[in-house]
Amino acid sequence: VRLVESGGGLAQAGGSLTLSCVASGDTFMFNTLTRWFRQAPGKERELVADISGRGDANYADSVKSRFTISRDYAKSTVYLKMNSLRPEDTAVYYCATEEYGVDIWGQGTQVTVST
């Protein structure tokens, strides 16, 4: 499977962005579980949200009630809708899944939130 993220950019605090992660190739595991991570400069990569094949979603405490993860099976795409953005949300955002026990990552998309 190959993952390609898009939708990042510059936003003001309080604004919104929607990230997309499009999968191509064997999407079986992508359709089973997909995760969004982020990594800020000098910090470890952290799990932001994940979504199962049934649509069950989990969120990091820091983004609950602000971010929404969703899936479009027909488009092999997982979205991350980010509202009420804060400067501390600034990071490179990655989507991820696994294939045959190996973690698969996209190239990432930069999100920068200004004050």
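Summing +1 for each Lys or Arg and -1 for each Asp or Glu, what net charge is found among the other residues whose Cβ lies under 12 Å from the Cβ of residue 2?
-3
Keeping all protein chains in place and using 1.4 angstrom, which order do 103, 56 fall into by accessible surface area, from largest down?
103, 56
Accessible area per residue of the chain at 1.4 Å probe, in Å²?
For the chain, the per-residue accessible area is 53 Å².
Based on DSSP H runs of at least 4 residues, each adding -39500 (n - 2.57), what is the mean residue ellipticity at 222 nm of the chain after dividing by all its residues, to the nearest 500 deg cm²/dmol?
Helix-only estimate at 222 nm: -1000 deg cm²/dmol.
Per-residue HN-Hα couplings for segment 9-14, Karplus 6.51 cos²θ - 1.76 cosθ + 1.60 at θ = phi - 60°, whole Hz, x for Gly and Pro?
x, 9, 9, 7, 4, x
With θ set to phi - 60° and the Karplus curve 6.51 cos²θ - 1.76 cosθ + 1.60, what are the ³J(HN,Hα) couplings of segment 98-115 in order, to the nearest whole Hz, using x for Gly and Pro?
9, 9, 6, x, 10, 5, 10, 10, x, 7, x, 9, 7, 10, 10, 10, 9, 7
Which aspartates and glutamates does residue 75 reach when only Cα atoms under 16 Å apart count, and residues fewer than 8 places away in its own chain are ignored?
Leaving aside aspartates and glutamates fewer than 8 places away in the same chain, those within reach of residue 75 are 5, 26.
Can you give the charge dipole size of segment 25-115 about its Cα centre, rounded to the nearest 20 debye, using +1 on the beta carbon of Lys and Arg and -1 on the beta carbon of Asp and Glu?
Dipole of segment 25-115, to the nearest 20 debye: 360 debye.
Considering only C-alpha atoms, what is the centroid distance from segment 85-115 to segment 1-75, in Å?
7 Å
The values are calculated or read from the model by the stated rules, or taken from the named source; none is laboratory data. Since the structure is predicted, the reported quantities are computational estimates derived from the model, not experimental observations. Note: ideal-geometry Cβ built from the backbone for every residue, glycine included; neighbour counts use all protein chains shown. Side chains are part of the model used for accessible areas, which takes the heavy atoms of the whole protein and leaves out ligands, DNA and RNA. Shrake-Rupley method; radii C 1.70, N 1.55, O 1.52, S 1.80 Å.
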